[in-house]
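Reviewing the structure listed below.
Readers should treat all values here as calculations from the given coordinates under stated rules, not as data from a laboratory. Remember, predicted model here, so these are calculated numbers, not experimental data. With ideal geometry, Cβ positions are generated from the backbone for all residues, glycine too; neighbour counts draw on all protein chains shown.
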Ligand code: 13P
């Protein structure tokens with residue numbers, strides 16, 4: 001049974017040749033049965049990567065980094081959950097802090113996206129976490145529990161169970177300053193008291209091959225969401241070997 005997750009968020013990096021090179025260098029020899037490896041490339045790379053992964057028979061799954069909440073229609077520039085599924089992804093990242101801050105995505109929109117993803121049978125990887133100001137004011141727990149409460153209010157336990165929760169404190173993303181394993185464990189343990197039992201909860205924010213193990217040793221951390229360290233195949237394989 002899969003209960004561990006290694007998720008690579010490539011953000012707006014890599015052209016198709018680079019993505020193919022990554023897949024060609026991927027070795028799944030050390031991959032335990034209980035771990036799902038998921039890569040989230042930009043939209044145009046999804047079909048290219050699906051073909052390469054299937055060709056190499058790799059146990060790697062794909063995620064989109066975002067989606068719109070409508071099935072089809074006059075929404076220029078948007079991508080529907082059904083189109084994502086059709087392109088080969090089974091997962092979708094929703095509510096990443098870069099979208100919340102740069103694209104002004106707020107909870108109302110995110111809850112619609114979560115509903116639409118579930119309807120399309122995509123597994124949402126729902127990101128939440130506090131910003132630097134909130135952390136410095138000592139409000140991390142309050143902020144995160146507020147975000148989890150919104151979810152619990154709007155979604156049934158059965159639907160929440162179909163999601164992966166990603167705790168990504170905004171101040172730790174791309175800064176080289178990860179939260180300590182103890183800090184993350186405390187937040188995850190708090191979320192566990194509010195969410196259905198056994199929910200997968202992953203941590204993201206400046207994870208690399210040096211610090212990955214300390215996070216995975218914590219009882220409430222079931223995986224990692226890795227940004228920049230996932231772009232390099234050697235570094236990614238080093239992280240994978242820790243699972
Ligand atoms: P970094 O690992 O580059 O800090 O990015 C984390 C992240 O945003 C993953 O979604």
Subject >> Hydrodynamic radius of region 40-129 per Kirkwood, over alpha carbon pairs, in Å >> reply: 13.4 Å
**OP:** For the chain, with a Gaussian network of springs between Cα atoms less than 10 Å apart, report the residue from 149, 218, 133 with the top mean-square fluctuation.
**Re:** 133
**OP:** Determine, for 75, 155, the number of other Cβ atoms within 10 Å of each Cβ, and report the residues in order from fewest to most.
**Re:** 75, 155
Subject >> Against the rule of thumb 2.2 N^0.38 Å, how large the Cα Rg of region 175-222 comes out >> reply: 1.12
Subject >> Percent of Cα-Cα distances greater than 23 Å, calculated over region 119-242 >> reply: 30 percent
**OP:** Counting helices only, and only those DSSP H runs with n ≥ 4, report the 222 nm mean residue ellipticity of the chain as the sum of -39,500 (n - 2.57) divided by its residues, in deg cm²/dmol to the nearest 500.
**Re:** -11000 deg cm²/dmol
Original post:
Normalised by the residues of the chain, what does the relative contact order come to in percent, with Cα pairs under 8 Å and at least six apart?
Top reply: 20 percent
Subject >> Over region 4-58: Kirkwood hydrodynamic radius from C-alpha pairwise inverse distances, Å >> reply: 11.8 Å
Original post:
When 167, 69 are ordered from fewest to most other Cβ atoms inside 10 Å of their Cβ, what list results?
Top reply: 69, 167
**OP:** Could you please rank 43, 68, placing first whichever residue has the fewest other Cβ atoms within 10 Å of its Cβ?
**Re:** 43, 68
**OP:** With the Cα gyration tensor of region 32-188 in hand, give its eigenvalues times 5 under a square root as the equivalent ellipsoid semi-axes, listed largest first in whole angstrom.
**Re:** 27, 19, 15
